[in-house]
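Okay, structure first, notes after.
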Amino acid sequence: NETLAKIEEEFNSMPFNWTEGKEDAKIGIIVEGAPYNYVKEVLPEVNAEFRVLKLSTPHPLPRKLVVEFLKGLDYAIVVDEGAPFLEEEVKVAAYEAGLNVPIYGKRTGHLPLEGELTPSLVKNALLRLIGEAEEAYEKPEEIKLAESLAPKRPPVMCPGCPHRGSYRAALDALRDLKLGRYKVPIHGDIGCYALSLLPPLEAIWTEFVMGASISLANGQSIVMDKKIIATIGDSTFFHNGIPPLIDAVYKNLNVLVMILDNRTTAMTGHQPHPGTGGSETGRKFNEIDIEALVKALGVKYVKTVDPYNLKETREAIEEAMKVEGPAVVIARRECVIPVIRRGEIGEKPIVVEDRCTGCKACILLTGCPALIYDPETNKVRIDELLCTGCGVCNQTCPFDAIKFPSELKRGA
């Protein structure tokens, strides 16, 4: 507490916190971070004089600086990104200083609590503040029209992402076991695989913090008296997934942990980790074997599979779901991006048109961006520029209409 008080005192005079605008302006704006750029952009479009306090150090709040800024103002607005943390702190500082200055922001409805800020939202808030706009920001009709015409494009995993196969196999295994995706919780973790939350997979129920997938599964397995699935990436597992797995072994909890080992830290730039055996500079280190590590922790059922092989992965998951106590399935396949960079993409499948019925099962079951439906021909085609030849679509087509050229040569 003493240290924070000293830091706050330094923040009160730090040059990274400053005021700008007309000295005798009666309307104040308190802002920090990216929204400051929005404020600067829209101020010339608002017919009023404002005084701006730009904060670069929201915590601990430099209360003396804030209070001095608020003195003499008729009212102020706090422009926050995300939760209204700064707005609430400013209101506490004003109250404790005995200032009766109205302070507006997200809590008063001038800015939305949800979603990201935009210059339009900030401009509307300022106009409402000075009485030149009565309602909350409404998108212009031309923008609404454009959004209604544009195809919906949820973020998806890369073409050839091994996680697509892992989750497809997990959902198929639950179907085969007559459990269904809404009966067995599947917890996600921090990584690319969090995109499995979105259509068409809609597999994971949660994404919280690193390692929480296993921790949440541990707790739920006790209160729900059923096998709960946790999915976690290799780098996340090394970072914070080992302790909750130890807990699952120690207490013999009924969980299935799927370790999605794509041999890198893909989400944040392909950094190495203890399972890759190297460093950022190319130095060679000892590679920690995930399967050996998991077995050493005492997990009785451990199987490593290739997520490009849906049958193998599905069968391993079905076996693991029948195991009493903790079980681990390691889905090991390198992230496709480094493979592309090395130029190691192999054979790519094609659509056999006379077999394709246009059912779109391949698209609806995988969500792969390389699969394109042509409404004119009622056929699916494969974008060769995007396709990486993973073969997951080849295994999901119910009419055997997606084949590799080598298969066709063999008469398959």
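When we screen 216, 260, 245 for residues that are surrounded by fewer than 23 Cβ atoms within 10 Å (Cβ to Cβ) and touching a residue at least 24 places away in the same chain (Cβ under 8 Å), the only hit is 216.
Of these, 26, 22, 40, 54, which one is touching a residue at least 24 places away in the same chain (Cβ under 8 Å) and either outside the structural domain of residue 78 (by TED's automatic domain parsing) or under 35 Å from the mean Cα position of the chain (by Cα) (or both)?
Values: 26 fails: either outside the structural domain of residue 78 (by TED's automatic domain parsing) or under 35 Å from the mean Cα position of the chain (by Cα) (or both); 22 fails: either outside the structural domain of residue 78 (by TED's automatic domain parsing) or under 35 Å from the mean Cα position of the chain (by Cα) (or both); 40 fails: touching a residue at least 24 places away in the same chain (Cβ under 8 Å).
Just one listed residue meets the conditions, 54.
Residue 92 fulfils the conditions (1) touching a residue at least 24 places away in the same chain (Cβ under 8 Å); (2) more than 15 Å from residue 123 (Cβ to Cβ); (3) among the hydrophobic types (A, V, I, L, M, F, W, C) except for a single criterion, (1). Once the range 126-137 is narrowed to residues that are loosely packed, with under 11 Cβ neighbours inside 10 Å and either farther than 22 Å from residue 52 by Cβ or acidic (Asp, Glu) (or both), the residue that is nearest to the chain's Cα centre (by Cα) is 135.
Identify, please: which residue in the range 75-107 is part of a helix (DSSP H, G or I) and of a type in the set (Phe, Trp, Tyr) and is, among those, nearest to the chain's Cα centre (by Cα)?
Within the range 75-107, the first condition is being part of a helix (DSSP H, G or I), and the residues that meet it are 85-96.
Still in the running and of a type in the set (Phe, Trp, Tyr): 85, 95.
Working: 85: 22, 95: 38 Å.
Applying the filter and picking the extreme gives 85.
Selection of the range 391-412 for residues being in contact (Cβ under 8 Å) with a residue 40 or more places away in the chain and either surrounded by fewer than 17 Cβ atoms within 10 Å (Cβ to Cβ) or touching an Asp or Glu at 6+ places or on another chain (Cβ under 6 Å) (or both) yields 399, 400, 404, 405, 406, 408. Applying the set (1) crowded, with 16+ Cβ neighbours inside 10 Å; (2) over 15 Å from residue 76 (Cβ atoms); (3) in contact with a Gly (Cβ under 9 Å, 6 or more places away or on another chain) to residue 38 leaves exactly one unmet item: (3). Within the range 369-412, being over 15 Å from residue 345 (Cβ atoms) and among the charged types (D, E, K, R) holds for 374, 376, 379, 381, 400, 403, 407, 409, 410.
Residue 201 meets the conditions (1) over 14 Å from the mean Cα position of the chain (by Cα); (2) assigned to a loop (DSSP other than H, G, I, E, B); (3) surrounded by fewer than 16 Cβ atoms within 10 Å (Cβ to Cβ) in every case but one. The failed one is (3). Kindly establish whether residue 281 is in a loop (DSSP other than H, G, I, E, B), of a type in the set (S, T, N, Q), out of contact with any helix residue (DSSP H, G or I) (no Cβ under 9 Å at 6 or more places or on another chain) and in the same structural domain as residue 181 (by TED's automatic domain parsing). Answer is yes for this residue. Screening the range 325-412 for helices (runs of 4 or more DSSP H) wholly inside it with 1 or more residues that are under 31 Å from the mean Cα position of the chain (by Cα) returns the ranges 336-341, 361-366, 392-396.
Screening 137, 104 for residues that are in contact with a Leu (Cβ under 7 Å, 6 or more places away or on another chain), at pLDDT 90 or above and of a type in the set (Phe, Trp, Tyr) leaves exactly one candidate, 104. Return a yes/no flag: does the range 329-346 have any residue that is farther than 23 Å from residue 266 by Cβ and in contact (Cβ under 8 Å) with a residue 24 or more places away in the chain. The answer is no; no qualifying residue exists.
Among the residues of the range 295-311, those that are part of a helix (DSSP H, G or I) and touching a residue at least 12 places away in the same chain (Cβ under 8 Å) comprise 297, 310, 311. Within this structure, residue 223 passes the test of being without any contact (Cβ under 8 Å) to a residue 24 or more places away in the chain and either part of a helix (DSSP H, G or I) or in contact with a helix residue (DSSP H, G or I) (Cβ under 6 Å, 6 or more places away or on another chain) (or both). Of the listed requirements (1) under 30 Å from residue 189 (Cβ atoms); (2) touching a Pro at 6+ places or on another chain (Cβ under 9 Å), residue 155 misses just one: (2).
The values are calculated or read from the model by the stated rules, or taken from the named source; none is laboratory data. Just so it is clear, the structure is predicted and the values come from calculations on it, not from any experiment. For neighbour counting, all protein chains shown are included, and Cβ atoms are generated from backbone atoms with ideal geometry for every residue, glycine included.
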